[in-house]
Amino acid sequence: MIIESAEVVVTSPDRNFVTLRLTTDDGLVGLGDATLNGRERSVVAYLAEHVAPLLVGRDAHRIEDTWQFLYRGAYWRRGPVTMAAIAAVDVALWDLKAQAAGMPLYQLLGGASRTGLLAYGHASGPSLPSLFESIHQLLEEGYRAIRVQTSVPGLSKVYGVGSSALYEPAGRVPMPVEEDWDSRSYLRHIPGVFEAVRAEFGPSLPLLHDVHHRLTPIEAARLGKELEPYDLFWLEDCTPAEDTSALRLVRQHTTTPLAIGEVFNSVYDYRSLISERLIDYVRSAVTHTGGITHLKRILEYAGQYGIKSGIHGPTDISPVGMAAALHLGLAVHNFGIQEYMKHGALTDSVFSQSFTFTDGLLHPGSAPGLGVGLDLDAAGRFPYQTAYLPINRLKDGTLHDW
Ligand code: EZ4
Ligand code: CO
């Protein structure tokens with residue numbers, strides 16, 4: 001199974017997606033997701049200029065060797081661009097190997113460890129009634145776990161509050177949109193929101209919340225403590241992700257479970273968090289963490305410490321990246337939960353998909369490989385559009401973590 005071509009496909013149906021498309025001398029096509037939200041073209045260049053020429057002529061079966069070749073062989077290791085590029089190659093190779101075997105990919109990863117993957121959806125609303133309405137809507141769609149985000153009095157644009165079911169933070173804009181932030185207002189408001197949601201929806205519904213890297217360690221510790229009565233499934237990204245020692249302080253003060261890692265890209269980002277038991281869930285996406293080969297390694301390490309998966313699954317993970325997450329999640333022992341936001345109809349017209357969402361559970365399906373197809377004609381109808389994630393400013397104009 002020799003790689004004959006390596007092509008980078010950029011398409012922007014509902015948003016930008018970067019897909020690596022490998023073809024082999026057996027006539028198989030393997031796909032890998034390399035979408036890095038708001039920085040898409042950096043990965044396109046990395047793949048097209050530096051990786052694709054190295055792949056042509058290689059044996060597509062040699063997944064581990066190719067991973068090491070691209071990681072160690074570059075000399076410049078890690079980083080979001082490099083690791084998204086390696087992830088795309090890795091996932092495309094797993095797709096090819098599983099197609100060659102005539103099996104859905106999860107079979108090659110050890111087979112199914114469960115019947116389906118518990119998914120959580122995104123509920124949001126500027127007010128309590130609109131938030132409740134959004135939660136009811138997700139429950140009707142079958143979701144059995146809900147992420148809760150809401151506006152904060154005095155702030156005009158807050159992360160995670162969408163105007164429609166298809167919440168998408170990256171705008172098709174020439175400059176990043178500015179949102180505003182005030183940690184004291186946020187901290188005063190959020191515990192009451194969870195109190196109200198628990199009172200309305202009862203004690204058993206798993207509830208999640210994303211702080212999106214905005215608090216200091218002591219603020220995050222206070223929030224975790226104040227949310228304890230509402231029994232969160234997790235509190236996500238409570239402090240800026242690169243300062244991992246911050247979680248030591250948070251952990252000393254609260255039993256609210258902690259999740260982090262959607263901006264991580266390597267096992268080395270997690271090493272102290274896992275070995276010191278400072279987190280409960282690993283948030284990495286397959287797409288941003290070196291693919292199935294590397295994320296599987298991280299999850300197996302995490303499993304030794306009772307830490308589970310919570311793979312990132314917003315709309316900026318393409319259907320290819322989502323399918324990879326589902327195959328991995330079905331196979332690993334320490335699956336926790338899978339984030340699942342539905343893609344738009346245009347995205348679904350470009351990517352054919354075999355995964356299912358039934359009674360709140362995701363399943364990757366039984367098609368050989370990843371089970372995702374890329375329609376090149378359809379993709380060609382949606383050229384790249386400039387898009388940026390927002391930025392955040394405090395009232396006095398200081399730039400804050402978004
Ligand atoms: O901000 O995917 O948990 N989900 C998130 C997402 C991220 C975006 C960034 O591209 O935090 O909304
Ligand atoms: Co998040």
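Within the P(r) computed for the chain, what percentage of the Cα pairs occupies the region above 36 Å? Walk me through the intermediate numbers first.
Values: 16354 of 80601 pairs.
Within the chain, distances greater than 36 Å cover 20 percent of Cα pairs.
Springs between alpha-carbon pairs under 10 angstrom, Gaussian network model over the chain: which of 89, 267, 56 fluctuates most? Maximum among the listed residues: 56. Note on residue 361/residue 228: beta-carbon distance plugged into 1/(1 + (r/R0)^6) with R0 of 30 Å gives a FRET efficiency of 0.60. Under conditions of 20 °C and 1.002 mPa s, the range 289-402 yields 131 µm² s⁻¹ as its translational diffusion coefficient, taking Rh as the Kirkwood radius over Cα pairs in the Stokes-Einstein equation.
For the residues 189, 343, 312, a GNM of the chain with alpha-carbon springs under 10 Å puts the largest fluctuation on 189.
Beyond 17 Å, how much of the Cα-Cα pair distribution for the range 3-105 remains, as a whole percent? Could the numbers behind the result be given before it?
Details: 2471 of 5253 pairs.
Within the range 3-105, distances greater than 17 Å cover 47 percent of Cα pairs.
Comparing 306, 329, 30, which has the greatest mean-square fluctuation in the GNM of the chain with Cα pairs linked when under 10 Å apart? Maximum among the listed residues: 306. What the Cβ-Cβ distance of residue 61 and residue 200 gives, at R0 = 60 Å and to the nearest 0.05, is a FRET efficiency of 0.65.
Between the Cα long axis of helix 80-101 and the first principal axis of the chain there is an angle of about 60°, rounded to the nearest 10.
All C-alpha to C-alpha distances of the range 95-225, sorted into 5 Å bins beginning at zero, yield P(r) values of 2, 8, 16, 17, 15, 12, 10, 8, 7, 4, 1, 0 percent in whole numbers.
Computed over the range 149-270, the P(r) curve from all C-alpha pair distances, binned at 5 Å from the origin, holds 2, 10, 19, 21, 21, 15, 8, 3, 0 percent per bin. Note on the range 76-129: Kirkwood radius taken over Cα pairs, Stokes-Einstein applied at 20 °C and 1.002 mPa s, translational D equal to 145 µm² s⁻¹. For the range 334-340, backbone phi angles converted through the Karplus equation (6.51, -1.76, 1.60; θ = phi - 60°) give residue-by-residue couplings of 9, 5, x, 7, 10, 6, 9 Hz, Gly and Pro being listed as x.
At what distance in nm do the modelled label points of residue 2 and residue 139 sit from each other, each positioned 7 Å from its Cα along Cα→Cβ? Result for the modelled spin labels: 6.0 nm. Calculated FRET efficiency, residue 255 to residue 77, Cβ-Cβ distance, R0 = 25 Å: about 0.10 to the nearest 0.05.
Ranked from largest, the principal axis spans of the Cα set of the range 93-165 equal 56, 24, 17 Å.
Rounded, prolate or oblate: which fits the range 36-179 when a ≥ b ≥ c are the square roots of the eigenvalues of the alpha-carbon gyration tensor, with rounded for a/c under 1.5 and prolate only if a/b beats b/c? Let's see the in-between values first.
Working: a/c = 3.50, a/b = 1.59, b/c = 2.20.
In terms of gyration-tensor shape, oblate.
Relative contact order, whole percent, for the range 198-267 stands at 36, derived from Cα pairs under 8 Å and 6 or more residues apart.
Quote the relative contact order of the chain in percent (integer), defining contacts as alpha-carbon pairs under 8 Å separated by 6+ residues.
Numbers: 894 pairs, mean separation 91.8, N = 402.
Reported as a whole number, the value is 23 percent.
Computed from backbone phi with θ = phi - 60° and the Karplus coefficients 6.51, -1.76 and 1.60, the 3J(HN,Hα) list for the range 104-109 is x, 3, 4, 4, 6, 8 Hz; x is used for glycine and proline. Our coupling estimate for the range 134-144, obtained by passing each phi through the Karplus curve with A = 6.51, B = -1.76, C = 1.60 and θ = phi - 60°, is 5, 5, 4, 4, 5, 4, 5, 6, x, 4, 10 Hz, Gly and Pro reported as x. For the chain, lysine pairs with C-alpha atoms less than 28 angstrom apart, excluding pairs fewer than eight positions apart on the same chain, total 11. Other residues lying with their Cβ under 10 Å from the Cβ of residue 324 contribute a combined charge of -3, Lys and Arg counting +1, Asp and Glu -1.
Counting DSSP beta bridges with both partners in the chain, what percentage is antiparallel, nearest 5? It would help to have the intermediate numbers written out before the result.
Numbers: 25 of 50 bridges.
Of those bridges, close to 50 percent are antiparallel.
The slack between residue 25 and residue 381, meaning 0.36 nm per residue of separation minus the straight C-alpha distance, is 125.4 nm. Taking 0.36 nm per residue of separation and subtracting the Cα-Cα distance, full extension of the segment from residue 172 to residue 50 would add 41.1 nm.
Read the figures in this text as sums done on the coordinates, not as results from a lab. Everything numeric in this text was worked out from a predicted model, so none of it was measured. Glycine also receives a Cβ, built like all others from the backbone with ideal geometry; neighbour counts cover every protein chain displayed.
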